[in-house]
Ligand SMILES: [Zn+2]
């Protein structure tokens, strides 16, 4: 497969199969010829016992994935499963001596196409519906360099990752049972990352997530009241005000939301109404690579001297089968670092009540992110 790329870079996609039958895809931007080498490991199939139960009190699904307790936790750097497999070394998840970007099915998924059947109700009580957690979880390796970070990648590589996100969004959206596709990156041990290697994940959920359901409800009521697009109105308002704008491009604007919850938070929103990565055109993908990298650069300098900031980058996409015209692709990037050496923990009010208290004004956050670029 040939797809677009920054400055005419061609991204080549090559499929492969892992020892236990999982799918793997190489997305190459610099590797001249991709030779598909076999995965030589004797790897048992992991049985996916994931189920999901309906919380009758909140109307939300909760996935129960007990098999994930056994997953790899912070291996020593020379046993990183996301490194390339070098000659004479123990095989990793990627049976190639080099790669640019690689995507593969998670060995310990919360959602899988092969999820086992379960009784339709917990204890046979209709109060508690239960389903197999059918879906898909993939791992995206951003680079073969164990010690790099997303923010340190060249724009051309960020562009390749965007191609991979677009390709996988389209593929996962077509899978049976998948209702919403969520690419994200957890960065930093402070937020529970189990592997240091620069990587992200893509979840294909079998339901519309609670956060998205809430956004859709708000957008639908705004549409009914005004006939207008809620996220579009927010974007227009932010650009008109400028008080919280961090970056303003041709196709994208980055701003701190007026009611930011986190001590560092920024949203990156496309000007055009696009449901997901797959719907972005080449110019939008090109500019996104530049602006997203710029934003991560600022994030690392938001408290002055460059520091590794733990962050979560969540790419919201419209659900596949419902409310697709009510929302659009956008990034929510946030850090729980509130000052050097200090973290914000989600304590009683946030964890117990989902009532957020932020010690920093959104205008201050925007000012810090703007200053971090100069
Ligand atoms: Zn590694």
Provide the gained length on full extension for the span residue 146 to residue 184, in nm with one decimal, where the gain is 0.36 nm per separating residue minus the Cα-Cα distance. 11.8 nm
Run the quick spin-label model on residue 354 and residue 90: label points 7 Å from Cα toward the beta carbon, then report their separation in nm to one decimal. 4.2
Projected area averaged over orientations for the chain, convex hull of C-alpha atoms, nm²: 19.8
Calculated FRET value between residue 121 and residue 58, using beta carbons and R₀ = 22 Å, to 0.05: 0.80
Label residue 36 and residue 361 with points 7 Å out from Cα along Cα→Cβ: what is the distance between them in nm? 5.8
Quick check on segment 310-373: take the gyration tensor over C-alpha atoms, sort the square-rooted eigenvalues as a ≥ b ≥ c, and tell me if it's rounded (a/c under 1.5), prolate or oblate. oblate
Neighbour counts of other C-beta atoms within 10 Å: give me 185, 138, 300, 350 arranged from fewest to most. 350, 300, 185, 138
Give the relative contact order (percent, whole number) for segment 235-296; include only Cα pairs under 8 Å separated by 6+ residues. 27
With just the Cα atoms defining each centre, how far is segment 216-279 from segment 146-190? Give it in Å. 21
Let me have the 222 nm mean residue ellipticity of the chain computed from DSSP H runs of 4+ only, each contributing -39500 (n - 2.57), with the sum over all residues rounded to the nearest 500. -7000 deg cm²/dmol
Please state the equivalent ellipsoid semi-axes for segment 168-237: what are the square roots of 5 times the Cα gyration tensor eigenvalues, largest first, in whole Å? 30, 18, 11
With no solvent and one point on each alpha carbon, what is the Debye value of log10 I(q)/I(0) for segment 233-300 at q = 0.13, 0.14, 0.22 Å⁻¹? -0.36, -0.42, -0.99
For the chain, what does the relative contact order come out to in percent, with C-alpha contacts under 8 Å and a separation of six or more? 15
Two-site label geometry, residue 343 and residue 321: point separation in nm, points 7 Å out along Cα→Cβ: 3.8
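Every number here is computed from the coordinates shown, using simple stated rules; none is lab data. Source: prediction; values computed, not measured. Every residue, glycine as well, gets a Cβ built from its backbone with ideal geometry; the counts of neighbours run over all protein chains shown.
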